[in-house]
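The values are calculated or read from the model by the stated rules, or taken from the named source; none is laboratory data. Predicted model, so just to flag it, every value in this text is computed and none were measured. Ideal geometry is used to build each Cβ from the backbone, glycine not excepted, and the neighbour counts take in all protein chains shown.
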Amino acid sequence: MESLRTPDDRFADLPDFAFEPNYLTIPDGDGGQLRVHYLDEGPADASPVLLMHGEPSWSFLYRFMIPGLVAAGHRVIVPDLPGFGRSDKPSLKEDYTFARMVQWMSAAMFDVLDLHDITFFGQDWGGLIGLRLVAADPDRYARVAVGNTGLPTGHGTPPKAFTDWQEFAQNSLSFPIGKIVTSMATSKPGPEVVAAYEAPFPDDSYTAGARVLPSLVPTSLQDPESAANIAAWEVLGQFTKPVLTMFSDKDPITNGGEKVFLERVPGCAGQPHTIIQNAGHFLQEDAGPEMAEILNTFIAS
């Protein structure tokens, strides 16, 4: 497996992102190694808050949440998925599978960092991958929060907004990641933020992961990961530790997605679930400080 590594100078002087990079190495599953980048802020001996981004974003998405969580005394871990951010980027679309993304992040967060007593939050693909990790090893988690995400099994019909996104990501001649991310936020970020989301991708050769991940979301029961996601839901259906949903009100892709968690996950009972107002798909961009405060209250309670 051949991988690309974004030059460090692409990440210089990004707005509101004065965090030190950290790196670890994991097997790529093909006889080689991948370097994975992660942020590690706050006291090293505190229980970790693990924040996982989706696609086509990267850890920059969490820059407005990290300070509030650290101020409350938490250790905050924010990895970049392989293919994104400062992590290595396998160069071919076929290098990426749902199972491999789960395997890579399990190796990074558990085999290397060996995290326990985790408060998890995942959005978009961060939720798809993270919920599989929760189901695989639920004892590592103290509590779970999710927003604008899910764990599709292939049942039902996906919304047209999502199938249109799958088609665009695979086939569009132009794939302007910075504009894609910021167009799905209500806060209308400026050009410096657009450029920051573009930073990991000097040219289209770096975007194999970002382009292919939408097509790896199960949309039928014949999908290779449908059975694994169904099995994960069996575990989540018995998960009694606290689970909080914090979806946004202006996301056409995941609107109403909190309902399946409220119906199926016993840990959701009695929790202060919320709908983040005036926030789009990338709700961390629109309401980061508010989300940090919600998570702090969730942990404290």
* Structure fact -> Those helices (runs of 4 or more DSSP H) completely within region 98-179 that have 3 or more residues that are free of Cβ contacts under 8 Å to residues at least 60 places away in the same chain and among the polar types (S, T, N, Q) are 160-171
* Structure fact -> Counting only residues that are under 17 Å from Pro79 (Cα atoms) and buried (at least 16 other Cβ atoms within 10 Å of the Cβ), region 114-139 contains a total of 18
* Thr157 fails exactly one of the following numbered conditions: (1) under 20 Å from Arg264 (Cα atoms); (2) buried (at least 21 other Cβ atoms within 10 Å of the Cβ); (3) among the β-branched types (Val, Ile, Thr). What is the number of that condition? -> (2)
* Asked: Which is modelled with pLDDT under 95 and either in contact with a helix residue (DSSP H, G or I) (Cβ under 7 Å, 6 or more places away or on another chain) or over 25 Å from His281 (Cβ atoms) (or both), of Pro252, Pro218?
  -> Pro252
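Listed here are the residues, each with its yes/no results for (1) farther than 27 Å from Ser91 by Cβ; (2) in contact with a Cys (Cβ under 6 Å, 6 or more places away or on another chain); (3) buried (at least 22 other Cβ atoms within 10 Å of the Cβ).
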| position | (1), (2), (3) |
| --- | --- |
| Asp28 | no, no, no |
| Gly31 | no, no, no |
| His37 | no, no, yes |
| Asp45 | yes, no, no |
| Gly54 | no, no, yes |
| Trp58 | no, no, yes |
| Leu61 | no, no, yes |
| Phe64 | yes, no, no |
* Output for region 94-113, where each listed residue is surrounded by 18 or more Cβ atoms within 10 Å (Cβ to Cβ), of a type outside the set (Ser, Thr, Tyr) and over 15 Å from the mean Cα position of the chain (by Cα) -> Asp95, Ala107, Leu113
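Of the residues Phe298, Phe239, Phe247, which is aromatic (Phe, Trp, Tyr) and surrounded by 22 or more Cβ atoms within 10 Å (Cβ to Cβ)?
The conditions single out Phe247.
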* Asked: Using beta carbons and a limit of 6 Å, which pairs, at least six apart or on different chains, have the first residue in region 39-65 and within 17 Å of Ser183 (Cα to Cα) and the second one of a type in the set (Lys, Arg) and crowded, with 24+ Cβ neighbours inside 10 Å?
  -> none
* Which of the residues belonging to region 122-144 are within 27 Å of Gln166 (Cβ to Cβ), touching a helix residue (DSSP H, G or I) at 6+ places or on another chain (Cβ under 7 Å) and of a type outside the set (A, V, I, L, M, F, W, C)? -> Gly122, Gln123, Arg132
* Do we find a residue being out of contact with any strand residue (DSSP E or B) (no Cβ under 7 Å at 6 or more places or on another chain), of a type in the set (S, T, N, Q) and on the phi > 0 side of the Ramachandran plot anywhere in region 195-218? -> no
* Asked: Ser3: farther than 24 Å from Gly127 by Cα, crowded, with 18+ Cβ neighbours inside 10 Å and polar (S, T, N, Q), yes or no?
  -> yes
* Could you list, in sequence order, all residues of region 69-84 that are in a strand (DSSP E or B) and within 11 Å of the chain's Cα centre (by Cα)? => Val78, Pro79
